[in-house]
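Inspection log for the structure reproduced underneath, given as structure tokens.
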């Protein structure tokens, strides 16, 4: 599944890493168990709130003694970091994650954020910076005369509801069959806690966290047109790990080098968002199609990204993301794709299963032609859920369909509903920082960087 990756899709590449940011807001497996060791869902330790409450950004809030270090002295603004000058590219205040800055090298570069996984690659790290800046800009729009605790609460509520709106109206319809999203958000859930009280704490379905929402792994590109210093054919995925604090070592420095700053015009389509003046010099990076292929570098993940020992050899299968995903599903004895079809039908959802031909041949995705007939029969009868859901997308239009669409749309609906600040329980909310009722990721970035091209493209140039 990691031979070259699938073809180009039609989703701007930034959404791959927005999805990773969202995933880190929803899930964190804190279970101490070896890869391949059997475990039950009840034994999993969830390190994140299964709500869309941005605890990966806010921690437990500025009043908490541990989380206070993520905030400025006013207890309202979130801290940011400053990049390191490289040649003509000057240091940029507020464009890096805040970092510890003292102690041994590894400690100095560690990001001062609630979820260290958001520094495992450069693109999700820069996404986290943008979210910090968005929060701080929302704070700045509130009256400074408000008591700090009240000002923070109002800002967090506004940020969270804008975030929910963006997920509901921008992110989800790009990755999931829009008809399923509309049905779930209009008529409610049939699979994921259909009878839960809205304010009851949600649960996190393992079918989502271990299978369906690992769709983003298929979207990763092998190379990015990153910025004017690392344009087309130069911004390799390996560099995106290397120039982060967790997946790499920031190039041997304690802060992000300025020449690695994101040019957001290349990752999101600002022209399609009614801002033609922010079009990139070449085409916007598009994510890989959602299918059963992963780009080749993902067969050799940096061990630090999954808590592995530094000495794990290159090409060891423990570093292979596809192997890790399939093994994780097996450890938890996840339902097969076929079992989930039956589960949905029992819940009153009409869903068409994949045919034998679709499972075995797909549509330009992973080949299973090398399997024996016995193993092919076994695959068709009990398809691993992650593979099954990617096959659904692959044989469709590169979005999650059928089983995968339902799992993802319903999990997001429940997580959003159960959040402390919830779009679903705030029917009068409309975004204040977009284009009327349109609020997409380009609008978030535009507001976060005060509408300045020098913030969205900090290195300048065409």
Subset of the stretch 344-354 [surrounded by fewer than 17 Cβ atoms within 10 Å (Cβ to Cβ) and either touching a strand residue (DSSP E or B) at 6+ places or on another chain (Cβ under 6 Å) or in a helix (DSSP H, G or I) (or both)] | 345, 346
All-but-one check, residue 201 against (1) under 26 Å from residue 113 (Cβ atoms); (2) surrounded by fewer than 22 Cβ atoms within 10 Å (Cβ to Cβ); (3) in contact with a helix residue (DSSP H, G or I) (Cβ under 9 Å, 6 or more places away or on another chain), failing number (3)
Considering only the stretch 331-343, state which residues are touching a residue at least 60 places away in the same chain (Cβ under 8 Å) and either crowded, with 17+ Cβ neighbours inside 10 Å or not in a loop (DSSP other than H, G, I, E, B) (or both).
-> 331, 332, 334, 335, 337, 340, 341, 343
The condition from (1) part of a loop (DSSP other than H, G, I, E, B); (2) buried (at least 16 other Cβ atoms within 10 Å of the Cβ) that residue 364 misses is numbered (2)
Would you check which residues across the stretch 314-323 are assigned to a helix (DSSP H, G or I) and surrounded by fewer than 20 Cβ atoms within 10 Å (Cβ to Cβ) and list them?
-> 317, 318, 323
Go through 303, 280, 276 for me and flag whichever is free of Cβ contacts under 8 Å to residues at least 60 places away in the same chain, farther than 19 Å from residue 221 by Cβ and touching a helix residue (DSSP H, G or I) at 6+ places or on another chain (Cβ under 8 Å).
-> 303
All but one of (1) touching a helix residue (DSSP H, G or I) at 6+ places or on another chain (Cβ under 8 Å); (2) at pLDDT below 95; (3) within 22 Å of residue 384 (Cβ to Cβ) hold for residue 331; which doesn't?
-> (1)
Exactly one of 250, 237, 166 is buried (at least 17 other Cβ atoms within 10 Å of the Cβ), at positive phi and touching a helix residue (DSSP H, G or I) at 6+ places or on another chain (Cβ under 8 Å), and that one is 250
Scan of the stretch 49-100 for residues that are free of Cβ contacts under 8 Å to residues at least 60 places away in the same chain and more than 20 Å from residue 118 (Cα to Cα), ordered by number = 64, 65, 73, 88
Here, helices (runs of 4 or more DSSP H) confined to the stretch 119-227 with at least 2 residues that are over 18 Å from residue 58 (Cβ atoms) and at pLDDT 95 or above are 122-141, 172-175, 178-187, 206-209
Where in the stretch 371-462 are the helices (runs of 4 or more DSSP H), entirely inside, with at least 1 residues that are buried (at least 21 other Cβ atoms within 10 Å of the Cβ) and in contact (Cβ under 8 Å) with a residue 60 or more places away in the chain?
-> 385-394, 402-417, 441-448, 453-456
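The values are calculated or read from the model by the stated rules, or taken from the named source; none is laboratory data. Here the structure is a predicted model, which means the values were calculated and not measured. Cβ sites come from the backbone with ideal geometry, for glycine too, and all protein chains shown count toward neighbours.
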